[in-house]
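Data first, discussion second: the structure below is written as structure tokens.
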Amino acid sequence: MTRMRSAWAGAGLSALMLAAPGRALAGNQEHILRLMETKTCPSCRLQDADLVYADLRDAQLGKAQLQRANLSRAQLDGADLRGSNLSFTSLTGASLRGADLRGAQLEGADLREADLSGAKLDNEALARSHWRGATGVSAEVSSYPAMHNAGVEASQQGRFPEAEEYFNKALLKQPDAALTWLARGITRAEQAKRQLAAQDFTYAATLYEQQGQKETAEQLRKGAAELAKDPRQKGNGAGSAFLQGAINIFQQVAPLALKFLAPVAF
């Protein structure tokens with residue numbers, strides 16, 4: 001039985017090494033072998049472990065030490081990662097559908113292109129992680145600055161429907177953010193959602209006025225009226241001198257938003 005166990009564990013270890021040829025297997029090897037054999041390794045020491053493409057569906061990894069581990073493209077659907085340390089861990093493209101990440105440390109974790117659909121996360125758990133392009137990210141699990149800046153990035157790249165969704169989530173976190181109302185209005189105007197854009201500009205004007213920026217508020221109200229009166233015009237700022245002006249305002253303040261609203265640098 002011992003011989004069979006060793007052979008099976010060795011096969012699992014070899015598979016991992018083949019998945020990342022030429023890379024040393026870090027971490028506690030005994031714990032890695034236990035994980036691959038039983039998928040049960042709570043509180044295990046797996047720092048720096050190379051687990052690329054590992055099949056860890058429904059694995060029990062509560063309070064595991066996984067700092068700096070490479071779990072890129074790993075299958076972690078339904079995994080129990082409660083209280084685990086995933087600081088600066090690579091989870092790029094990993095599948096974490098339905099995984100339990102409550103209490104997990106995710107500072108600096110790379111979750112880009114990961115699937116977090118149905119995952120259980122603490123409020124603002126992703127505020128200091130990298131999650132752009134991930135699916136299943138709700139407003140509750142990230143911060144207002146991160147959501148707003150994700151919208152800025154998507155807008156600058158012309159991905160307006162995606163940008164609008166990020167701004168929606170940012171406003172759920174901070175409903176009185178005038179800049180975000182303006183930004184969402186611009187993305188909606190670019191999608192020919194003129195009436196909705198006009199509403200966003202009007203509300204942004206109210207917020208700017210409350211901040212003492214009367215000139216900006218006046219410009220926004222004039223532009224909102226311009227947008228609302230001719231719904232036949234399409235997006236991309238067609239026929240509206242104001243819309244270009246609003247875009248100019250956005251371009252001027254967006255760098256400030258990126259500087260002062262960005263999450264803490266990793």
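Read-outs throughout are calculated quantities, based only on the coordinates presented, and are distinct from any laboratory measurement. Computed from a predicted model, the values in this text were never measured in an experiment. No Cβ is skipped: glycine too gets one built from the backbone with ideal geometry, and neighbour counts run over all protein chains shown.
Taking θ as phi - 60° and the Karplus parameters 6.51, -1.76 and 1.60, the scalar couplings of the range 143-149 work out to 9, 4, x, 5, 5, 4, 5 Hz in sequence order, x denoting glycine and proline. A Förster radius of 25 Å, combined with the Cβ-Cβ distance separating Q157 from A192, puts the computed FRET efficiency at roughly 0.85. On full extension, the segment bounded by K63 and L172 gains 36.1 nm, given 0.36 nm per residue less the C-alpha separation.
State, as an integer percentage, the relative contact order of the range 72-231 based on alpha-carbon contacts under 8 Å between residues 6 or more apart. So the answer I get is 12 percent. Karplus-derived 3J(HN,Hα) values for the range 50-55, using 6.51 cos²θ - 1.76 cosθ + 1.60 with θ = phi - 60°, are 9, 10, 4, 6, 5, 8 Hz; glycine and proline are entered as x.
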